[in-house]
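The values are calculated or read from the model by the stated rules, or taken from the named source; none is laboratory data. Remember, it's a predicted structure, so these values are computed and weren't measured experimentally. We place every Cβ from the backbone using ideal geometry, glycine too, and count neighbours over all the protein chains shown. SASA here: full protein model, heavy atoms, side chains in, ligands and nucleic acids out. Shrake-Rupley method; radii C 1.70, N 1.55, O 1.52, S 1.80 Å.
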Amino acid sequence: QFITKVVSCRAAELRPEGGGEPVRGFQVVLEDTILFPEGGGQPDDRGLIGDVPVLRVSRRGPEAVHFVPAALEPGTEVLLSLDWERRFDHMQQHSGQHLITAIADQMFGFKTTSWELGRQRSVIELDTPSMTAEQIDALERSVNEKIRARIPVTVRELPADDPEIETVRSRGLPDDHAGPVRVIDIEGVDSNMCCGTHVSNLSDLQVIKLLGTEKGKKNKTNLVFLAGNRVLKSMEQSHSTEKALTSLLKNGPGEHVEAVKRLQSSVKLLQKNNLNLLRDMAVLIARDFKSKPAQSQLFVLHRKEGDSEFMNIIANEIGTEETLLFLTVGDEKEAGLFLLAGPVEAVENLGPRVAELLGGKGAGKRGRFQGKATKMSRRGEVQALLQEFISRRSPEA
């Protein structure tokens, strides 16, 4: 916590990170702050000004701008409270990034070109086309050895014209930087220009887990990692998943993969058999219709189970030169598929209207119009439309 004063407060809007309508509120500048504004790859802090929540902290030149939903009177003395859990998580990830970056450079000459502190995991972009599994394992062992060695992490502020700045690792200062240059030192390991928040000893990182690599930009590799409490949370999630799978699969964790492979093979076989049965059923349905002495000009069929192929087999077997077919598959109360087949002119005329009635979309050519439907319960209305169309064409029918 920190006591400070409100310097200014002006109306503003905040665009949510996940998109959506802007939030109306106020941008507040304080005499000083303990809330970190977003920068250097690190997200901003959260907290309270009195009992008013701070929804975003951004940097405007040398100022930290706090976005809040309620107005604060300039000149008022306020108590600023920091969301420590969020701050400490960011400290662990950011110091972890410094350590991984330094050791990756020392061991393999891989330079860090950028990094991102994500909500679930963090990513370091390395200037190398790839990393081997052996390199990842060696890097992970080395960074965790440094954590167990309890190496101090210190902060220094150097004058902007100090020649020592030339020896400090850096990706450059922001164009609007003013004042001293802040340097983060990991004793005997790294010295890096940085504006972010950090632990005071590597032991506070607890542990680092490298999750592997992903393909990055041209000739770059993204190294994914977790540090500190995020490793523990990941372990908790994995253990919960493992317990659930053990209960479902009725075997130990070491046998889960083989059990799932067996299940996948069984499902594929069942799907194949089910598909063959559907095809046979489609042929039988079509032949039954054709075997009747007086064939109707309209054939309507709905099945809960089925697919586009099932409907097309029926249409192929019946033939659509004389008969208008309206076929649907899917749950009566949910979405599904439909097929309208028959004389070309009739289908071209009726297809879009059928799709509209079923609340869906479709397309067609050469006497077939098919697509997806969201209102399967309106099939009766479609059938009435088709019956009326046939009656108008053939009064004697």
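Below are the figures for this structure:
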{"read-out": "Accessible heavy-atom area order of Met193, Met376, highest first, probe of 1.4 Å", "value": "Met193, Met376"}
{"read-out": "The range 3-134 - charge dipole about Cα centre, Lys and Arg +1 at Cβ, Asp and Glu -1, debye rounded to 20", "value": "200"}
{"read-out": "Calculated over the range 249-319: convex hull of Cα atoms, volume per residue (Å³)", "value": "95"}
{"read-out": "Estimated 222 nm signal from helices in the chain, with DSSP H stretches of n ≥ 4 weighted -39500 (n - 2.57), rounded to 500", "value": "-12000 deg cm²/dmol"}
{"read-out": "Dipole of the chain [Lys/Arg +1, Asp/Glu -1 at C-beta], most positive-end residue of Gly50, Ala70, Ala363", "value": "Ala363"}
{"read-out": "The range 208-224 and the range 321-382: distance between their alpha carbon centers, rounded to Å", "value": "48"}
{"read-out": "Global size of the range 2-82 as Cα Rg and Dmax, reported in angstrom", "value": "11.9, 34"}
{"read-out": "About the Cα centre, charge dipole magnitude for the range 95-215 (Lys/Arg +1, Asp/Glu -1 at Cβ), debye", "value": "540"}
{"read-out": "The chain, accessible area per residue, ligands and nucleic acids excluded (1.4 Å, Å²)", "value": "57"}
{"read-out": "Accessible surface of the chain [probe 1.4 Å, protein heavy atoms]: carbon and sulfur percent", "value": "50"}
{"read-out": "For the chain, size of Cβ-based charge dipole, Lys and Arg +1, Asp and Glu -1, in debye", "value": "1920"}
{"read-out": "Antiparallel bridges, percent of DSSP beta bridges restricted to the chain (to nearest 5)", "value": "90"}
{"read-out": "Distance histogram in 10 Å bins (all Cα pairs of the range 97-165, percent per bin)", "value": "16, 40, 34, 10, 0"}
{"read-out": "Centre separation in Å (Cα based) which lies between the range 228-280 and the range 94-156", "value": "34"}
{"read-out": "Cα extents of the range 279-394 along the three principal axes, largest first (Å)", "value": "35, 34, 24"}
{"read-out": "Rg/Rh (Cα only; Kirkwood hydrodynamic radius) as it applies to the chain", "value": "1.20"}
{"read-out": "The range 2-82, relative contact order in percent, only Cα pairs under 8 angstrom and at least six apart counted", "value": "37"}
{"read-out": "nm² value of the averaged projected area, convex hull over the Cα atoms of the range 119-261", "value": "12.0"}
